[in-house]
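Reading through the structure tokens given below for one structure.
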Amino acid sequence: MNIREQFEKREKNFMSPFGCQSAQSHGRQRPEDACPIRTAFQVDRDRIVYANAFRRLKHKTQVFLNPLGDEYRTRLTHTLEVAQIARTITRAMFLNEDLAEAIALGHDLGHTPFGHGGEAVLQEIHSPDFFHHKQSLRVVDVIENNGKGLNLTHEVRDGIVKHSKGYGKILPDDPEELACTIEGRIVRISDIMAYLNHDLDDAIRSGVIRENQVPSVCTQVIGRTHQERATTMIRDLVFSSRAVDGELRLDMSEEVFGAMTTLRAFLYENVYRSVQVHREFVKAKKILSELYAYLLDNERILEKELTRMGIAGCLNNGSPRKQVVCDFIASITDRYALGLYEKIFFPSPTV
């Protein structure tokens, strides 16, 4: 029995019957030999961590543009916070921690530069069907590894593409919106817990809102500090969830769930749609729109930039030029977009 098989045996003996055992995975798109040391989900986690797209997350905006300060969350620190919350919950419920971690680490790989503003731009200029959760799946399937993809397991891919529905329900009723594993469903909730908590921190830090503006029900029920809010939300989910008709149903108390819903609505109205945030994303829209149009008409420059980023394989996978340009725009970081825009559109001294 090799090391991986010992881990799989440990999972079988230790995990809740509601968890997804590594040995029961539905497999990969392309068959490959199993690792003798790591389980299938551990392999997926490692492939994501070593992916170029994962490293780029450190220079992609969460809500506030990076130049505002070193303490603001980026897409990478958000991802790490989601993974931490998901791991804590799955560990407490005796579920597959490795699966939850892999999904969490990969859930935002397709996010655009300049946060959700960048996503809105691509919906406008490329396709109304562009969503970052779909692009994240495209990253791991056909963009990463120079166009070969990461060949992840079905369960991780499913969790990535079903982690978000924009302003959809925290706990959706539609089975089609639910991940096929409990771990994937936990990542969806963990994502919301993470951004409700840290976006509130960053909004207060930036001065976009003041602490006394936060609805009192949120501070009284969930807490006033990052630690209090995270602890309240995690504990409430763990202790409110229960088995119903042979399935584990994730649930929260009416009080905590109501406070989370109120906080979410408050952030959308007063932070994500605030004048200060919108003003910067108007500028971002101009940058991404003009880069998109320019690259559609300049194949040589597009190929050069794709090669520079290690994703030139996108040119050979049969996708139309429009899709390749979209893949490029969605892949670049905030600072890469700013630098490329300056190089293309700003005058350059010749002497």
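Residues considered: L315, L302, L295, L306. Of these, the only one that is of a type in the set (A, V, I, L, M), assigned to a helix (DSSP H, G or I) and surrounded by fewer than 20 Cβ atoms within 10 Å (Cβ to Cβ) is L315.
Looking across the range 324-351, the residues that are out of contact with any helix residue (DSSP H, G or I) (no Cβ under 8 Å at 6 or more places or on another chain) and part of a helix (DSSP H, G or I) come down to G339, E342, K343.
Checking the range 129-151 against the condition returns a match, with at least one residue being open to solvent by 10 Å² or more (accessible area, probe 1.4 Å) and free of Cβ contacts under 8 Å to residues at least 12 places away in the same chain. Exactly one residue out of G106, G115 is open to solvent by less than 20 Å² (accessible area, probe 1.4 Å), under 19 Å from R185 (Cα atoms) and of a type in the set (G, A, S), and it is G106. Counting only helices (runs of 4 or more DSSP H) that sit wholly inside the range 1-95, those with at least 1 residues that are open to solvent by less than 30 Å² (accessible area, probe 1.4 Å), within 29 Å of A312 (Cβ to Cβ) and modelled with pLDDT of 95 or more are 40-49, 52-56, 75-92. Scanning the range 175-223 for residues that are within 27 Å of E97 (Cβ to Cβ), surrounded by fewer than 18 Cβ atoms within 10 Å (Cβ to Cβ) and not small (G, A, S) returns P175, E176, E177, L178, C180, D201.
The values are calculated or read from the model by the stated rules, or taken from the named source; none is laboratory data. For clarity, every value in this text was computed on a predicted model and none was experimentally measured. A quick note on method: Cβ atoms are made from the backbone with ideal geometry, for glycine too, and the neighbour counts reach across all protein chains shown. Protein only, heavy atoms only, side chains kept; ligands, DNA and RNA dropped before computing areas. Shrake-Rupley method; radii C 1.70, N 1.55, O 1.52, S 1.80 Å.
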